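These notes concern the structure reproduced below.
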Amino acid sequence: MMNKKGKWEWDYNAQIIVDEYKGIILSSYITQNPTDHFELIPSIEQLENNLTGIYDELPSNFQFSADNGYSTDENTTYLEEKGLEGYISTRKLSRKEKKYNLWEKPFQKDNFCYDAEIETYICPLGEILYRRRTYEYKNKQKNNLLD
């Protein structure tokens with residue numbers, strides 16, 4: 001899989017759902033996706049498939065906990081729509097808990113706040129970042145990113 005630095009490696013990303021009380025593996029698979037962002041939904045779908053003979057649907061008391069690699073709006077929305085209780089740390093909270101000093105690098109992405117009402121980000125200095133259609137980076141045109 002391609003690593004975070006854009007280099008190809010012989011790596012795999014293991015996904016496992018374990019029953020915390022009994023310590024039984026309920027779902028597992030290997031992916032070549034280097035991040036966990038898109039793996040929560042397939043993991044839960046596989047769990048549902050594995051438990052089909054036992055439950056018609058996942059019981060409402062199922063709870064999921066995951067590290068901040070699974071922290072995406074899509075995953076949170078999925079858990080809410082399915083009526084499942086999920087505990088997923090955000091990257092911002094994880095950094096805070098690790099006691100990183102975010103103000104050593106004031107424009108680090110964790111210091112930007114998303115305003116859902118106006119659908120844009122606000123920088124640490126309070127400036128609104130307006131969406132651009134295109135911009136230039138390293139003499140190449142890029143599309144649809146924020147300032």
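The amide H of S27, built 1.01 Å from its N in the peptide plane, has I17 as neighbours under 5 Å, considering only residues 5 or more places off or on other chains. Here the 3J(HN,Hα) profile of segment 77-91, calculated from phi with Karplus coefficients 6.51, -1.76 and 1.60 at θ = phi - 60°, is 4, 4, 4, 5, 5, 7, x, 9, 8, x, 10, 10, 5, 7, 4 Hz, Gly and Pro shown as x.
Placing a label point 7 Å from the Cα of I54 along the Cα-to-Cβ direction, the residues of segment 1-38 whose backbone N falls under 15 Å from that point are 17-28. Note on segment 7-77: semi-axes of the ellipsoid equivalent to its C-alpha gyration tensor, largest first and rounded to whole Å, are 23, 15, 11. Among the GluC sites (Glu not before Pro) in segment 7-57, those placed in a DSSP loop whose Cβ has at most 12 other Cβ atoms within 10 Å are E9, E20, E57.
About the centre of its Cα atoms, the chain shows a dipole size close to 1140 debye [charges on the beta carbon of Lys, Arg (+1) and Asp, Glu (-1) only; nearest 20 debye]. Normalised by 2.2 N^0.38 Å, where N is the number of residues, the C-alpha radius of gyration of the chain stands at 1.30.
In this simple spin-label approximation, T120 and Q46 carry label points 7 Å from Cα along the Cα→Cβ vector, and these lie 4.2 nm apart. Karplus-derived 3J(HN,Hα) values for segment 108-122, using 6.51 cos²θ - 1.76 cosθ + 1.60 with θ = phi - 60°, are 5, 4, 5, 8, 8, 10, 8, 9, 5, 4, 9, 6, 7, 9, 10 Hz; glycine and proline are entered as x.
No value in this document is a laboratory result; all are computed from the given coordinates. All values reported here derive from a predicted model rather than from experimental measurement. With ideal geometry, Cβ positions are generated from the backbone for all residues, glycine too; neighbour counts draw on all protein chains shown.
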